[in-house]
Amino acid sequence: MKIVICDDEFKIRKEIKYALSNYFSENLIDTEIYDFEKGEDLLQSTINFDMAFLDVEMPTSSGIEIGRELKQKFPNIVIFMITAYSDYLDDAFELGAYRFLQKPLDVPRLYRSLDAALLSISSRDIKIICANNESAIISTGSIVYCESYKRKTKIVTFNGVFISKE
């Protein structure tokens with residue numbers, strides 16, 4: 001899982017990174033955690049992120065704006081908005097942010113939010129056994145249609161076609 005933290009405060013980035021590292025280590029989930037001080041630098045990245053922690057107020061860009069652009073690039077990204085101000089709740093919800101976390105960071109609440117996010121992420125994917133006996137994991141959101149095909153199931157997705165014995 002690839003996670004990004006974007007906050008102009010080094011202390012906050014460090015605190016979130018430490019909490020995330022502990023959480024994912026305890027849950028035996030491989031992660032790569034990246035952090036950026038500026039939203040512009042994050043948007044220059046070519047990494048396909050699964051989860052983002054974005055500060056709402058940064059000097060040169062808004063976390064809401066950065067979140068919108070990330071959603072366009074990665075529609076399935078799970079976004080957590082982080083701020084000391086609750087005035088941005090409506091904007092965060094319009095963006096489709098998964099959670100709104102306030103500073104200072106409440107680590108137990110963060111962990112509960114991560115539990116819920118991972119459950120949501122895991123229910124978006126299905127595992128199938130292909131006709132060649134290999135397995136594939138398909139995001140349910142990428143399925144265009146399914147049809148019966150030579151006594152098998154043909155699953156057409158945005159990323160390709162899969163033939164399953166199931």
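The values are calculated or read from the model by the stated rules, or taken from the named source; none is laboratory data. Note that the coordinates shown come from a computational prediction; the quantities given were computed from them, not determined experimentally. Cβ sites come from the backbone with ideal geometry, for glycine too, and all protein chains shown count toward neighbours. Side chains included, ligands, DNA and RNA excluded: accessible areas come from the protein's heavy atoms. Shrake-Rupley method; radii C 1.70, N 1.55, O 1.52, S 1.80 Å.
Data table
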quantity: Which of 103, 127 is most accessible, then next, and so on - probe 1.4 Å; calculated: 127, 103
quantity: Local net charge near residue 137, Cβ-Cβ under 9 Å (Lys/Arg +1, Asp/Glu -1); calculated: 0
quantity: Gaussian network model of the chain, Cα within-10 Å springs - most flexible of 57, 40, 147; calculated: 147
quantity: Long-range lysine pairs (8 or more apart or interchain), the chain, Cα under 12 Å; calculated: 4
quantity: 15 Å beta-carbon shell around residue 10, net charge (K/R +1, D/E -1); calculated: -2
quantity: Residue of 25, 113, 62 that the Gaussian network model of the chain assigns the largest fluctuation, springs spanning Cα pairs under 10 Å; calculated: 25
quantity: The chain: most fluctuating residue of 105, 118, 28 per GNM, C-alpha cutoff 10 Å; calculated: 28
quantity: Alpha-carbon centroid distance for the pair region 1-52 / region 93-145, whole angstrom; calculated: 16 Å
quantity: Segment residue 142-residue 34, length gained on full extension (0.36 nm per residue, minus Cα span); calculated: 36.3 nm
quantity: For the chain, calculated [θ]222 nm from helices alone, where every DSSP H run of n ≥ 4 adds -39500 (n - 2.57); calculated: -10500 deg cm²/dmol
quantity: Relative contact order [Cα under 8 Å, 6+ residues apart], the chain, whole percent; calculated: 14 percent
quantity: Alpha carbon convex hull of the chain, projected area averaged over orientations, nm²; calculated: 10.7 nm²
quantity: Charge tally in the Cβ shell below 12 Å around residue 44, where Lys, Arg are +1 and Asp, Glu are -1, residue 44 excluded; calculated: -1
quantity: Taking the convex hull of Cα positions in region 1-44, its mean projected area over all directions (nm²); calculated: 2.9 nm²
quantity: Antiparallel DSSP beta bridges within the chain, percent to nearest 5; calculated: 50 percent
quantity: Degrees between helix 63-73 axis and first principal axis of the chain (Cα, 0 to 90, nearest 10); calculated: 20 degrees
quantity: Efficiency of FRET between residue 121 and residue 165 - r from beta-carbon atoms, R0 35 angstrom, step 0.05; calculated: 0.85
quantity: FRET efficiency for residue 111 and residue 134, using Cβ-Cβ distance with R0 set to 41 Å, rounded to 0.05; calculated: 0.70
